[in-house]
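One structure below.
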Amino acid sequence: MNQQQLLALIWNDDPTSFIKEREESGFDVRGINIYRRNLLANAQRALSITFPTISQLLDSDVNEILVQEFLKKYPPNKGDWAQWGDEFSRFIATNQIAHEYAYLPDCAELDWHIHKALNGQDQTLDYTSLALLASAEPEDISIVLNNNVALIRTTSPISEIFDAHHHPEEKQREQAMEQAKIALNIEPKKHVVMIFRPEFQPKVTTLTDSEAEFMFCLKARKSLAESLDAVSHYDDFSFDKWLVKAIEQNLILHFKENSL
Amino acid sequence: MSVESKDILIGVGLRHVHFTDVLTQPQQVDFVEVHSENFFGEGGAALSVLNQVREKYPISLHSTSMGLGSEQDIPLHYLNRLSKLAQSIDPFLMSEHACFTWGQQQGQLIHSGDLLPIIHTNTSLDRMCEQVDKVQEILGRQLIIENVSAYIKFDQSYLSEAEFLAELSRRTDSKILLDINNIAVNSINFEDGNIKQSVNDYINILPINSVAQIHLAGCTTALPGELVVDDHARPVSDHVWQGYEQALQRFGKIPTLIEWDNDLPEWSVLISEADKARHIARTVFNKNLLNQTMINKSVLTKEL
């Protein structure tokens, strides 16, 4: 038996063909079952670490059948369980479970972005680039965002659900749970949730419509002038205030002159 | 980083739950070992902690995913990450397992997520030599390669694992990481369970200067009729301590690590396991020294 055949035997999730293949291989069924159980346990543990909200929503563990299906469809290929799960949100969206709990795919996407930010490159603002704001015109300036900033468009109260499970203070968790329950019982509203990493711990916040539109423009590498134009019809957007907050939240990597 | 000591170096495996302990408590071991893949992130708190630990302890990087025995090539993305980590941490030891991990499923690259056993033949030896040479060249460092616990046996193998590793070491200038518990697990699962004899047979095949590190671990006892699983979830067993003594007597003062990966105990328990290893090593070497002194005295007496 070659390595491919052994792998196929361990990954086989069809009970009938497994019995036949295992018998043909001549391997001790106890040994093969150890490898099969290890695979499932490792995958389950990895998903529970990377997707802690999903894990808690699904009663402390990611369901074995769900893990098995995900393993089969999107097998790990990086040699690091922590890098496995990029497709989990899309996978859940196509699973029966999302019909019952429509917010799960977006919760999974939030978990994934937080996980990525947690292990993302350590980046802070290049303060010297701020001088561009005084020396160049807005149409010639781009704002390059920190790699650990991610935006999610959603209609589900994912930020509240996240806080309900992970906020360090119990009272805040209870409050977030109440808010999430209320939001799930009213007409869904489109909004944008942002993930950012001020220091080591990623944070989650819900953006106003104007902030969201401005951030999407920056993500698309539009110039500062174009980005400001896009939010000019909002009454509540102030670039000065946004800038102070963006520096506090470590959203910006640097300012860049477009001609350069 | 190179570490030199006249005494034996004793270390422990460092996992996330003990980060605070290792940074806040006085130095109690000679080095710590981490799993390379746990630090494959581009940045973040874990990597920052590892850099702080590095200021206090020599670090050994132990990889678990490289799959040196894979028929499939080890992907470059994996080797690049490992190489980057090695450059930034500058470990004093780098190790991996004599197993396979990479393969394909429906034309797609997959990683097994486990240390899968290999056939021990000249063909598989050639293949592993090729991979070890390549990895050592990319890393610019010598690899230390560990024997593994296996739960299946290949009828096609005509070399023992010890013969395989000895030859691998000779041909690639790599070294051997001798895991006593893995020998014990295989002895219980596939031999007659006479661990002392199994360790003895194994170590006698390995050349004296080929072993660069020893791993010690414990695992949960199997239910009757079941195979033992090397879960690294228990203190080191008496059989493994005995095997450790045998290995020290043959190979000398080899850096030794206590591994514990599941159901992790308090840091103090890990340290006490390390202390026990040190005590055993000192007893073995003091006894050897005493024997040597007595031999020298008797030679002198005869000459006089």
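Please note which strands (runs of 3 or more DSSP E) are completely contained in the range A:176-260 and include at least 3 residues that are closer than 14 Å to A:Ala150 by Cα.
A:191-196, A:203-207
Out of B:Ala217, B:Ala184, B:Ala222, B:Ala150, which single residue is surrounded by 21 or more Cβ atoms within 10 Å (Cβ to Cβ), touching a residue at least 12 places away in the same chain (Cβ under 8 Å), within 14 Å of chain A (Cβ to nearest Cβ) and closer than 23 Å to A:Tyr35 by Cβ?
B:Ala150
Considering only residues of the range B:63-93 that are crowded, with 21+ Cβ neighbours inside 10 Å and part of a helix (DSSP H, G or I), which is nearest to the other protein chains (Cβ to nearest Cβ)?
B:Tyr78
Of the residues A:Leu47, A:Leu66, A:Leu71, A:Leu57, which single one is buried (at least 21 other Cβ atoms within 10 Å of the Cβ) and either among the hydroxyl-bearing types (Ser, Thr, Tyr) or more than 10 Å from chain B (Cβ to nearest Cβ) (or both)?
Details: A:Leu66 fails: buried (at least 21 other Cβ atoms within 10 Å of the Cβ); A:Leu71 fails: either among the hydroxyl-bearing types (Ser, Thr, Tyr) or more than 10 Å from chain B (Cβ to nearest Cβ) (or both); A:Leu57 fails: buried (at least 21 other Cβ atoms within 10 Å of the Cβ).
Selected residue: A:Leu47, the only one of A:Leu47, A:Leu66, A:Leu71, A:Leu57 that is buried (at least 21 other Cβ atoms within 10 Å of the Cβ) and either among the hydroxyl-bearing types (Ser, Thr, Tyr) or more than 10 Å from chain B (Cβ to nearest Cβ) (or both).
Check every one of the helices (runs of 4 or more DSSP H) wholly within the range A:84-165 and list those with 3 or more residues that are surrounded by fewer than 21 Cβ atoms within 10 Å (Cβ to Cβ).
Those helices (runs of 4 or more DSSP H) span A:88-93, A:96-100, A:132-135.
Restricted to the range B:117-144, and to residues that are free of Cβ contacts under 8 Å to residues at least 40 places away in the same chain and either in contact with an Asp or Glu (Cβ under 8 Å, 6 or more places away or on another chain) or within 9 Å of chain A (Cβ to nearest Cβ) (or both), which residue is farthest from A:Asn38 (Cα to Cα)?
Across the range B:117-144, the extreme among qualifying residues is B:Gln136.
Counting only residues that are of a type in the set (Ser, Thr, Tyr) and either over 21 Å from A:His115 (Cα atoms) or at pLDDT below 90 (or both), how many does the range A:31-70 have?
The total comes to 2.
Only residues that are facing chain B (nearest Cβ under 7 Å) and out of contact with any Asp or Glu (no Cβ under 9 Å at 6 or more places or on another chain): list them for the range A:19-33, please.
Correct list: A:Phe27, A:Asp28, A:Gly31, A:Ile32.
Checking the condition crowded, with 20+ Cβ neighbours inside 10 Å and within 16 Å of B:Ile145 (Cβ to Cβ), which residue from B:Ser112, B:Ser60 passes?
B:Ser60
Looking for whichever is in a strand (DSSP E or B), charged (D, E, K, R), within 14 Å of another protein chain (Cβ to nearest Cβ) and surrounded by 20 or more Cβ atoms within 10 Å (Cβ to Cβ) here; the options are B:Glu37, B:Glu96. Which one fits?
One residue alone meets the criteria, B:Glu96.
The values are calculated or read from the model by the stated rules, or taken from the named source; none is laboratory data. Quick caveat, the model's predicted, so the values are computed rather than measured. Counting neighbours? That spans all protein chains shown, and the Cβs are built from the backbone with ideal geometry, glycine included.
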